[in-house]
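Coordinate-derived values only; no laboratory data. Given the structure is predicted, the values throughout are model-derived calculations rather than measurements. Cβ coordinates were reconstructed from backbone atoms using ideal geometry, including for glycine residues, and neighbour counts include every protein chain displayed.
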Amino acid sequence: MTFNPPLRPIDADDDTLRAHLRDAEVPALLMTVAHLTGDTSFLRDDARSNGWLLRPQGGMSEQAQEEARASALAALARLRDERAPQPPPPDDRLLRRITSWALGPDTEALVPLVAEEIAPYGTDPKAPAWHKDELAPDRDFHVSVIGAGMSGLLAAHRLSQAGVPFTVYEKNDDVGGTWFENTYPGCRVDVASHLYNYSFASRSDWPDHFCTQDVVLAYFRDFAKHYGLYEHIRFGTEVRGAVWDEERGAWRLELGTPEGDRTTESQLVVSAVGQLNRPKLPDVRGRDTFAGASFHSAEWDHGQDLKGRRVAVVGTGASAYQIVPELADTTGELLVFQRSAPWLRPTPHYHDPVPEGMRWLFEHVPYYAQWYRFWLFAPGLLQEGGILQGWVVDPDYPPTERAVSALNDQLRKALTEAMEAQLTDAPELRRHVIPDYPVGSKRVFRDNGRWLATLQRDDVALVTDAITEITPRGIVTADGTEHDVDVIVYATGFQASRFLTPMTVTGRDGRDLHEHWDGQPRAYLGTNVPGFPNLFCLYGPNTNLVGQGGSIFYFSECAATYLTDAVRHLLSTGATAMDVREDVHDAYNAWVDEGNANRAWGWTKADTWYREGGRSAPNWPYSALEYWQRTRHVKPEEYETY
Ligand code: NAP
């Protein structure tokens, strides 16, 4: 796999160009052409429509799309004929114009963020602009990174760029984290592949719009290889405990390694252990008595041949949603046990390959890939006008379990209509598959029709009575039925609110992290906890992005910028440790809690891992812009530095 492959010259004749442009995402194309030519008249007002960010092709009419393609064809043909060199990134004036066309007039604050995104292929505006050799060449400063998944590899790369010595400890035998562990049938991303990657290590040849697990895992392996990270990773090594030694100004890590237990010391620790990797099995009487095979979706037993067998899948969350349609072609009979129905967001191209023309545009047209990525990202950048607005509770509406605002109700209607259109042959399913909680209270899944079609198969049954017991033969439900099955798949999710478990973490004055959290993990910016100096979390508490308006890669890139700035601060001041101030941490978390309480997932009475024990520990309730602004630089006054 090649990262940031060099662009090829535009060499196609007009007819070929025209054919390629049929596969273009037109709003991204218009922004690209405006950038390449400097001519903002491409950004026609009539190409915009209300709510366009969430509609295919930005909600543009067929005619507007045709006209836009024709004008883009003329512009690209001119650039080809003139053999125009690749232009520089857009200046602020052009950026301002394009951004406000895409996202509305109130976008001034976005301009520096978008400038980072629209950088030439192969450049890395978020890379640390300093090196340890310049700041503190003789200082003994080593970082331990826990986890070699998406966030851990990123932290490792950033530290490597800054010349800071580091070691990564990974419990698995390879990189990839959740993408290494989850190998269930049908596993793929539900955030667009062109967004679900590191901004500075992009690919122009993603095979699908939403790639399968093997492709995502290969990306991480190639990334680790390309950036020389493998040699820094200790595989099969679990960090069991971390203890802060105030006198030495260092963390002592207790490791379980293939060679036995060890300890090691680092001046700073990065926890990049992820949120969704400790399986949660249902607490149902008799679960251990089942005589057949049973396993969790994240621990798929590939030794089981499911052909022709009666299989139960418990759960209808994001994993089950991908597993069930895939299994139905193999199993003899499939029973799907649903506690609550998921909302589905129409995404006709969910399983489609990237069309040839679009791929050609990525490979040949300067900045098309960047503007396309920006376009995918745009719904999550702002609150007003973005996807987030749909989840905000309007107290005057008034909110109910049907909807939390007029906009939220509009979304309910649109999604319900799309689902009902798929149920014309099975109207009796309607009352079981249309959710009874507000849209956005739980993750909304990408829908290309496969889920409801699968539930309508004769060899698939949707069971909605509660599970009361598991017996040696199968699953008993509240109506007294015993459903005999050969295999049970638990697609019942993860212990999402139990951050950093099962590790023990002991900070200043013997403070235990999990006792301190008492089941309610909190951190400042998702990274720092008072009393735990020089401990930085990536993808920590309240950094989960809701609604596919962006990608978790982005949040980790922001947190990694913050982390490296903190390391810079320690090295340049000669300080030993940074401990976030309690009042700063508390005020920040009060603000986060207030945001989460006023989102659909905070408001609903429905059971959701987005909120456990009355508080959301995973979710970020604000825009990506807000997180980016807060993580650009460490503010030393917010820390006790000593
Ligand atoms: P999940 O979303 O938490 O779903 C768990 C499912 O199990 C829910 O339907 C839940 O019902 C059900 N359940 C739990 N306990 C049960 C019980 N005792 N009886 C009956 N049903 C029970 O877990 P997941 O599907 O593994 O997904 C977790 C997260 O991983 C996702 O939200 C997403 O962030 C990530 N993920 C992403 C992708 C992707 O496409 N990129 C794929 C898979 C997972 P209730 O809804 O009623 O609680």
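The figures follow:
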item	result
Integer Hz, Karplus 6.51/-1.76/1.60 couplings in order for the stretch 77-93, x for Gly and Pro	5, 5, 4, 4, 5, 7, 6, 5, x, 4, x, x, x, x, 6, 4, 5
Contour minus Cα-Cα distance for THR123 and GLN410 (0.36 nm per residue)	99.2 nm
Phi to ³J(HN,Hα) by Karplus 6.51 cos²θ - 1.76 cosθ + 1.60 over the stretch 62-70, Hz, x for Gly, Pro	4, 5, 4, 5, 4, 5, 5, 5, 5
Beta bridge orientation in the chain: antiparallel %, DSSP, nearest 5	45 percent
Euclidean distance of C-alpha centroids, the stretch 409-472 and the stretch 49-128, integer Å	38 Å
The stretch 564-616: trypsin sites (Lys or Arg not before Pro) falling in loop per DSSP and having at most 16 other Cβ within 10 Å	ARG581, LYS605
Where labels lie 7 Å past Cα in the beta-carbon direction, separation of ASP14 and GLU420 in nm	4.8 nm
Gyration tensor (alpha-carbon) shape descriptor, the stretch 401-472, a/c threshold 1.5	oblate
Cβ-based exposure ranking for PHE166, PHE290, in which fewest neighbours within 10 Å come first	PHE290, PHE166
Unsatisfied cross-links (Cα-Cα over 21 Å) in the set LYS280/LYS413; LYS307/LYS442; LYS413/LYS442; LYS225/LYS280; LYS132/LYS225; LYS280/LYS442	LYS280/LYS413; LYS307/LYS442; LYS225/LYS280; LYS132/LYS225
Charged-residue dipole, Cβ positions (Lys, Arg, Asp, Glu), the stretch 415-482 about Cα centre, Debye nearest 20	360 debye
Whole-Hz ³J(HN,Hα) from phi, Karplus 6.51 cos²θ - 1.76 cosθ + 1.60, for the stretch 374-387, glycine and proline x	4, 5, 5, 7, 3, x, x, 6, 10, 7, 5, x, x, 5
Fully extended contour minus Cα-Cα distance, from LYS225 to ARG511, at 0.36 nm per residue	99.1 nm
Residue order, fewest to most beta carbons within 10 Å, for GLU62, GLU108, GLU117	GLU62, GLU108, GLU117
222 nm mean residue ellipticity, helices alone, for the chain (DSSP H n ≥ 4; -39,500 (n - 2.57); rounded to 500)	-9500 deg cm²/dmol
The stretch 150-217 shape via C-alpha gyration tensor axes, a/c threshold 1.5	oblate
Gyration tensor verdict on the stretch 450-498 (Cα atoms; rounded if a/c is under 1.5, prolate if a/b is larger than b/c, oblate otherwise)	oblate
Computed E for THR289/ALA466 - FRET, C-beta separation, R0 22 angstrom, nearest 0.05	0.75
Footprinting exposure proxy for ILE146, ILE233 (fewest neighbouring C-beta atoms within 10 Å first)	ILE233, ILE146
